[in-house]
Amino acid sequence: MELGKWFSIAVAAVFLGSFLIGVQVSSEPSEMIESEHVASTKGEELFTAWLRKHQDYKKPSDKELKQSLTPLQFDVTQEEGTERSFKNEYWDNKREGIYVDVVSGEPLFSSNDKFKSGTGWPSFTRAISESAMVKKADRGIFGVRTEIRSGVADNHLGHVFDDGPAPTGKRYCINSASLRFVAKESLAAEGYAEFSSLFEE
């Protein structure tokens with residue numbers, strides 16, 4: 001009987017602990033939630049405006065892409081390859097700006113959401129527009145992962161994982177070869193003037 005009593009107490013403690021953890025997680029400051037929502041909404045609006053201006057975009061043929069991309073860029077974006085960690089262009093880039101699709105130029109990520117993941121690849125907590133990302137199940141030697149592809153050009157970008165930092169808990173692990181960086185000071189000159197608002201205090 002004594003053992004049964006302690007077992008009941010242990011079970012009750014587990015349930016109570018789970019409840020308290022749930023309360024703690026759900027009690028995120030409203031200011032942080034509101035800030036995240038505003039930033040997400042702004043990104044969606046900016047991407048929608050960009051998409052409207054480029055609705056007639058036609059992706060080049062493989063032959064044309066092989067002429068305009070490096071062998072690594074073609075392998076990563078068109079053949080779902082993976083570049084070497086710590087041996088790529090943007091993994092340690094700390095400049096402010098946005099990262100666009102190397103083929104179509106569609107805006108994908110902001111330096112505001114970039115973080116040091118220790119993986120050796122550019123990592124972001126979110127995309128500029130989550131709805132513009134195409135997510136697919138990737139079943140391979142590493143198990144089932146979630147592949148990320150650009151919505152307009154349908155290029156392979158990388159994968160997304162659920163082990164990122166706050167506020168999203170996501171880690172978009174992206175190949176530098178699928179990206180082109182546009183510095184904050186060059187946004188207007190390169191046709192992304194409206195995205196300067198992402199860097200306004």
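Values quoted throughout were computed directly from the atomic coordinates according to the rules given, and no laboratory measurement underlies them. Just so it is clear, the model here is predicted, and its values are computed rather than measured. Reconstructed Cβ throughout: ideal geometry from the backbone, glycine too, with neighbour counts over all protein chains shown.
Backbone geometry of the stretch 109-122 corresponds, through the Karplus equation with coefficients 6.51, -1.76 and 1.60 at θ = phi - 60°, to 3J(HN,Hα) couplings of 9, 10, 4, 4, 10, 7, 9, 7, 8, x, 8, x, 10, x Hz, x marking Gly and Pro.
With 18 Å as the limit on Cα-Cα distance, the pairs of Lys136/Lys170; Lys94/Lys136; Lys94/Lys116; Lys87/Lys184; Lys63/Lys87; Lys116/Lys170 that go past it are Lys94/Lys136; Lys87/Lys184; Lys63/Lys87.
Inverting the pair-averaged 1/r between distinct Cα atoms of the stretch 135-201 gives 14.2 Å as its Kirkwood hydrodynamic radius.
In this calculation the C-beta distance from His54 to Ile141 is compared with R0 = 45 Å, giving a FRET efficiency of 0.80.
The largest-to-smallest principal axis extents of the Cα set in the stretch 26-199 are 51, 40, 27 Å.
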